[in-house]
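**Student:** Before anything else, here's the structure in question.
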Amino acid sequence: EATATGAGERIELTGEIGAENLYATLEDGSWLAASGSATIGGTASEPKIAGGIEVSGGLIRLPEAPPSLLAVEGESMLWQAETRADSFAATVVTDSLPAMAPPASARLLPSVEVALSCPGNLWLRGRNLNIEMAGDINLTLSDGETALGGSLRALRGDLRILGRTLKITKGYIQFFPDERRINPELDLRLEAQIDKYLYKIAILGRAEKPEMELTSEPPMSEGDIVSGL
């Protein structure tokens, strides 16, 4: 329901839009189920939309890419894993992030403020990753620039790497709305029990340049941990 009043470039907009049992699918098999409502305001040339959406479930597929751990020529990251664990972590994390599409012209985009709430059943899958996510995200679109605020947490899941399956024991992603680049803070903890050793991997820092820490119980050197994995 909406009303437009006025003439020329100063047509005032008022109204509300809502949806229940909204279901969207993409060609790659991703899907999303949600419901929500939003108010419409501003003018015809500068519309403003504000509201909230609750995600009841979904599946976000990460684009797959051929394995790149073993180089055909030149240096191989796997051969240097003992001394370049940070580079290996950066490859695992940043390759898993979907590319952000460039925004369209700001003149064609409304001002948008939407609160996204997801209690669970939202799965992130691909690149050997399978995680159920939950959290609250604030999405803002202004002057053609997108900003994200809020956080997501991993409820459960695993990562398959180097022929091993590591269970996620903690997963937390924090977005910062005052930053133009979408570069969230990561705190991901994974574990794998192999024979009598418990291997632990922590991925910390920003998504564009994460750091990886390797520990074990009983304690071993990072070189022995990589060899064990």
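The values are calculated or read from the model by the stated rules, or taken from the named source; none is laboratory data. This structure is a prediction, so every number in the text was calculated from the model and none was measured. Note: accessible area is taken over every heavy atom of the protein model, side chains too, but ligands, DNA and RNA are not part of it. Shrake-Rupley method; radii C 1.70, N 1.55, O 1.52, S 1.80 Å.
**Student:** I'd like the distance separating the alpha-carbon centroids of segment 125-165 and segment 1-71, in whole Å.
**Tutor:** 18
**Student:** Would you list, by chain and number, the aspartates and glutamates whose Cα falls below 12 Å from the Cα of K200, excluding same-chain residues fewer than 8 positions away?
**Tutor:** Output for K200: E191, E213, E217, E222.
**Student:** Taking K196 as the anchor, which lysines have their alpha carbon closer than 23 Å to its alpha carbon, excluding any fewer than eight residues away along the same chain?
**Tutor:** Cross-link targets: K167, K170.
**Student:** Provide Y199, Y23, Y172 ordered by accessible surface of protein heavy atoms (probe 1.4 Å), highest first. Provide the component values of the computation, followed by the final result.
**Tutor:** Numbers: Y199 10, Y23 135, Y172 90 Å².
Largest accessible area first, the list is Y23, Y172, Y199.
**Student:** Seen from all sides and averaged, what is the projected area of the convex hull of the Cα atoms in segment 137-229, in nm²? Can you show the working numbers first?
**Tutor:** Numbers: hull surface 27.8 nm².
Computing the convex hull of the Cα atoms and averaging its projections yields 6.9 nm².
**Student:** Under 14 Å Cα to Cα from K48, which aspartates and glutamates show up? Leave out anything in the same chain fewer than 8 places away.
**Tutor:** Straight-distance partners of K48: E12, E16, E113, D143.
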